[in-house]
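Novice: Sharing a structure, written as structure tokens. Questions coming.
The values are calculated or read from the model by the stated rules, or taken from the named source; none is laboratory data. Owing to the predicted nature of the structure, the values given are computational and were not obtained by experimental measurement. Because the Cβ atoms are built from the backbone with ideal geometry, glycine has one as well, and the counts that use them run over all protein chains shown. The area values use the complete protein model at the heavy-atom level, side chains included, leaving out ligands, DNA and RNA. Shrake-Rupley method; radii C 1.70, N 1.55, O 1.52, S 1.80 Å.
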Amino acid sequence: MHRDISPLCAADIQDQLKKRFAYLSGGRGQDGSPVITFPDYPAFSDVPDKEFQNVMTYLTSIPSLQDAGIGFILVIDRRQDKWTSVKASILRIAASFPANLRLVLVLRPTGLLQRTLSDLALKFNRDDFNMKVPVIMLSSVPELHGYIDKSQLTEDLGGTLDYCHTRWLCHRTAIEGFALMVKQTAQMLQSFGTELAETELPNDVPSTNSVLCAHTEKKDKAKEDMKLALDEGRSLLENIREPLGKCGEQSLNQDQLDNQTTVQRLLDQLTETEAAFDEFWAKHEQKLRQCLQLRQFEQDFREVKASLDALAQKIATFTDVGNSRAHAEHLLKDLASFEDKSSASMERARGLSLEGEQLIDSKHYAVDSIRPKCHELQHLCEQFVAEVERRRELLSKSLELHHLLEASMKWCDQGIYLLASQPVDKCQSQDGAEAALQEIEKFLETGAENKIQELSKIYQDYESILTKDLMEHVQKVFQKQEGMEEMFHRRQASLKKLAAKQMRPVQPVAPRPEALTKSPCPSPGSRRGSENSSEGSGLRRGPYRRAKSEMSESRPGRSSSTGDEEEGLAILRRHVMNELLDTERVYVEELLCVLEGYAAELDNPLMAHLVSPGLQNKKDVLFGNMEEIYHFHNRIFLRELEGYTDCPELVGRCFLERMEEFQIYEKYCQNKPRSESLWRQCSDSPFFQECQRKLDHKLSLDSYLLKPVQRITKYQLLLKEMLKYSRSCAGAEHLQEALSSILGVLKTVNDSMHLIAVTGYDGNLSELGKLLMQGSFSVWTDHKKGHSKVKDLARFKPMQRHLFLHEKAVLFCKRREESGEGYEKAPSYSYKQSLNMAAVGITESVKGDVRKFEIWCNGREEVYIVQAPTPEVKAAWVSEIRKVLTSQLQACREASQHRALEQSQSLPLPAPPGTSPSKGTTRNIKKLEERKTDPLSLEGYVSPTSLLKPPEKGRGWTKTSQPSEAPEDDGWSSAEELINSSDAEEEGRVGPRKLVPGKYTVVLGDEKGSPDAFAVRSGDVVEVVQEGDEGLWYVRNLTSSKESWVPASSLASLLCTSGSAQCLSSSESSAGSTLLSASSSCGESCGAPLSELQG
């Protein structure tokens, strides 16, 4: 009978199998037929056909096909049943048994009646069973043993076979579950293998990493599932073999052996599947990892190639061969530094090439892609190394050439020193001439090692580095060498004549003093650069001073030629220029060292753990604008200085052209106190110690932060030295101007350092204009509106005030010393008050003290008597205040001149009623008309009527009455008091005062005088020098540069002498007011002599 029904699982019919109306005990017949036992089951007839069919189908599917092919032996136990049920059972089994039958053994009922009935029924109804196999009715169990051995029968049939239906059912369920697990695992591995095989390799590192991680994760999951399956299979196998462990003599029945075989086969199948998967995964993982290696190699290759390309572009810019020995050494140092910095990229490129070779040796699948890249990397590295070596050879040649040129220059300088140091008086004798001749010949012998032998050979040997400028330099040096040799040959010829023929001694004559000071411009063959070697450093401090002393010592005993003097001064200028260049290069290198070794390291993540919290985000405070200073000097100023190597006397132009850029030092110095304070707080930080160790500096950072302050003060010293040796050269004026400008920068920096210490001022100090001067003074106050006691007390108790003069105001501050160290010890200034320069007047001289002057405002209602430390300081302040007031007055005149002129031309000139025009009045009107076009004259603001008004008693000149036609306000007015006379006020007198020496402005000129007379014009500034005999004064006209003795009476008619002091003021008053000044060119107030006006 064929099994067409789909295989069932024990789990599917577990409840039906548990009824145990039939079971497969594992016993076998004598021919190996499987035995199915139908135990005594009273409700057998109640079992549904479907359940019976399922159980029969499942039981017959368990034995192997070979055993099942022999046929099954059915043992039907009906010893406790009736014949009718036996017949029904046999008929039912015969009708629905799904497999072949070998034999049917029936244990018939044991009752006598039932046994008799069964015999009869079997005899007459055998054909009703419709079975092709014999059905044997057995009366007892022993008869059954005759057909089946007891060892193959269970205990309920008198056998010894160990059988537990529950255990059998558990084993069957587990075996079938394990088989299903093995099947699913195999399917999962097959599906996963297909997915891996179909995966495309990514083109970048992140994607490859992602794929590798995802596949590895899935592989680990599959391996875990396989491990679980194997563990379950081994556990099941141990359970099947459990009976053997309990009793060594007991053996497994055939079904148990079949179960064991089945589980073992499944385990072997699973193991083989795992091994196959591991092998497949190893290949797949290797490919993925090789892909990752390839993508990483390609990515690194792109980065390294870009880095090498950048290095190639950078080395291509190294085209300069240097214009001096020091420059060539600097370029060599730069090249070495560049090579050192590029070593990391080169090492990475070589390492990547080696890594590629290793991939090739490991039989990488992409050998054809890796090998060309390795070759390209090797080629780029070799090309870069060759280019660096070529550049080093060129710079070495350049250094060699400059060494040769400087040796020649030095030899020429020594030769000039030798010629200049030979005393002429000693050379007049034969012995002296021979000694000098020997010195010259001995010196010329040293030329073989130091001088340029053949110019053509120089061109041939150094053709690869000879630029146009360098070739010109070589030619100049060679020309200088030839000129020096020619000088030696001429001196040789003269000395040979003196040595050959004894001459009568000649008394030497010292050269004229003016000849010694003459210093023409240097020759164009001066040295192009300086050097940093030990020889160069030896010339850095005192060579030009030594040279100067040697020249001055030799002059009294000789009469050197003009050419020798010129060459000597040119050498001194070159020494100064060399020191300027050497120190400038050192300065630039020190700034770079600080910026790279300290400032840049503050942003280095590897150094972050060493930076103390107080230094966080404080780089700008600590270093200020040092980076801006470095870029200015490195990119601009140093290069421009090197351009003046051949003409050091013109270096002043370089300073003047870049004077505005030097203002960056003001910002650095203003930040210096904050930098010093931060340094003191954090100087013990391990960050600074580590940076100093790396840089191998002996000095700490604060010493280098002081370098910019030291450098800006060094320039004025070098310029003074250069100016000393360039007095008669073309660039002397520029040197003098550059020196003044540098000193002005130093003054500005110093003033700004004081200005930032001002505290308590509510406004913005920058709105007051440029700070012109600052200094400490003793100040008395003399306010007319104040209490008399306060006024008297103020005269005897001066206040110590620090004054700040701005373009728009003057500030009075109190100096306060602060405790601390360094910059923190600097004073601070508490703001007290300020005066608007538009309302300020000055009295330049105060009776009793040449150091005092007055600053007043509001018509002298507020007077400040200021005492300077020295007369020179007072003169400087008065001069500067005068300039401010003059500029304000001129600006006002220019703004209102046009309206004032129109007003004076269009209006009639009224005369006072009852008076006729006098001669003086007519002349004053004529003067006014003549000077209407004078842009610096105030007479255009004043009407003739106002000129005729007499002054108020005791007060000098009052404000003039303003005509109704005049403009009400032109934006500028003079001081309320035209003449500032403190003495006149105190003594209560009027009238002209005695002349005193000083500068005055001519009020009424003598333009019609004779040509031989001391002619002056109105507005000329004259200086009254001294009083002579017979009432004459010696006067110098500063406008026309003429001098003469003038009678006091004539001088009084020309000058305004009614005031006690020279006065200049600019305050807010009426437009018709006038200003009478005897010290400044900004005030010509009256058009008539003082005597006539006082009439």
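Novice: Here are the criteria: (1) in a helix (DSSP H, G or I); (2) open to solvent by less than 40 Å² (accessible area, probe 1.4 Å). Tell me which single one L252 does not satisfy.
Specialist: All conditions pass for L252, except number (1).
Novice: Still on this structure: Within the range 440-460, can one find any residue that is of a type in the set (D, E), at pLDDT 50 or above, outside any loop (DSSP other than H, G, I, E, B) and surrounded by 14 or more Cβ atoms within 10 Å (Cβ to Cβ)?
Specialist: No - not one qualifying residue is present in the range 440-460.
Novice: Of everything in the range 364-396 that's of a type in the set (S, T, Y) and assigned to a helix (DSSP H, G or I), which residue is farthest from K283 (Cα to Cα)?
Specialist: My answer is S396.
Novice: Of all residues in the range 93-111 being of a type outside the set (G, A, S) and more than 30 Å from P7 (Cα to Cα), which is nearest to the chain's Cα centre (by Cα)?
Specialist: L107
Novice: Restricting to the range 151-196, what's the tally of residues that are buried (at least 17 other Cβ atoms within 10 Å of the Cβ), of a type outside the set (A, V, I, L, M) and in a helix (DSSP H, G or I)?
Specialist: Counting residues in the range 151-196 that are buried (at least 17 other Cβ atoms within 10 Å of the Cβ), of a type outside the set (A, V, I, L, M) and in a helix (DSSP H, G or I) gives 8.
Novice: Is it true that D582 is out of contact with any Phe, Trp or Tyr (no Cβ under 8 Å at 6 or more places or on another chain) and part of a loop (DSSP other than H, G, I, E, B)?
Specialist: In short, no.
Novice: Please verify whether S345 is of a type in the set (S, T, Y), open to solvent by less than 50 Å² (accessible area, probe 1.4 Å) and under 30 Å from V586 (Cα atoms), treating the condition exactly as stated.
Specialist: Yes; evaluated as a whole, the condition is true for this residue.
Novice: If a residue must be modelled with pLDDT under 85 and within 36 Å of the chain's Cα centre (by Cα), how many such residues does the range 771-795 contain?
Specialist: Residues meeting the conditions: 0.
Novice: If you go through the range 636-649 one residue at a time, how many are part of a helix (DSSP H, G or I) and surrounded by 19 or more Cβ atoms within 10 Å (Cβ to Cβ)?
Specialist: The number of residues fulfilling the criteria is 5.
Novice: Which residues, counting only those in the range 276-288, are touching a helix residue (DSSP H, G or I) at 6+ places or on another chain (Cβ under 7 Å) and surrounded by fewer than 17 Cβ atoms within 10 Å (Cβ to Cβ)?
Specialist: F280
Novice: Right, next: Quick one: is V1016 more than 19 Å from R882 (Cβ to Cβ), surrounded by fewer than 18 Cβ atoms within 10 Å (Cβ to Cβ), modelled with pLDDT of 75 or more and over 60 Å from the mean Cα position of the chain (by Cα)?
Specialist: Taking the combined requirement at face value, the residue does not satisfy it.
Novice: Turning to a different aspect of this structure: Would the range 130-141 turn up any residue that is modelled with pLDDT of 85 or more and either under 60 Å from the mean Cα position of the chain (by Cα) or open to solvent by 60 Å² or more (accessible area, probe 1.4 Å) (or both)?
Specialist: No: the range 130-141 contains no residue that is modelled with pLDDT of 85 or more and either under 60 Å from the mean Cα position of the chain (by Cα) or open to solvent by 60 Å² or more (accessible area, probe 1.4 Å) (or both).
Novice: Identify all residues within the range 81-91 that are part of a helix (DSSP H, G or I) and either of a type in the set (S, T, Y) or open to solvent by 40 Å² or more (accessible area, probe 1.4 Å) (or both); write none if there are none.
Specialist: T84, S85, K87, A88, S89, L91
Novice: Would you point out the residue of the range 222-243, among those that are closer than 16 Å to A276 by Cα and not hydrophobic (A, V, I, L, M, F, W, C), that is most open to solvent (accessible area, probe 1.4 Å)?
Specialist: My answer is K227.
Novice: Given (1) farther than 29 Å from A68 by Cβ; (2) in contact with a Ser or Thr (Cβ under 7 Å, 6 or more places away or on another chain), where does C213 come up short, assuming only one miss?
Specialist: (2)
Novice: Looking at the range 702-720, is at least one residue outside any helix (DSSP H, G or I) and either open to solvent by 20 Å² or more (accessible area, probe 1.4 Å) or closer than 22 Å to V588 by Cα (or both)?
Specialist: Yes: one or more hits.
Novice: Here are some residues: L656, L606. Which one is open to solvent by 20 Å² or more (accessible area, probe 1.4 Å) and at pLDDT 90 or above?
Specialist: L656
Novice: Right, here's the next one. Would you tally the residues in the range 255-275 being charged (D, E, K, R) and either surrounded by fewer than 14 Cβ atoms within 10 Å (Cβ to Cβ) or not in a helix (DSSP H, G or I) (or both)?
Specialist: 3
Novice: Using beta carbons and a limit of 8 Å, which pairs, at least six apart or on different chains, have the first residue in the range 703-727 and among the aromatic types (F, W, Y) and the second one outside any helix (DSSP H, G or I) and at pLDDT below 90?
Specialist: Listed by first residue and then by second, the contacts come to Y704/H697; Y725/S519.
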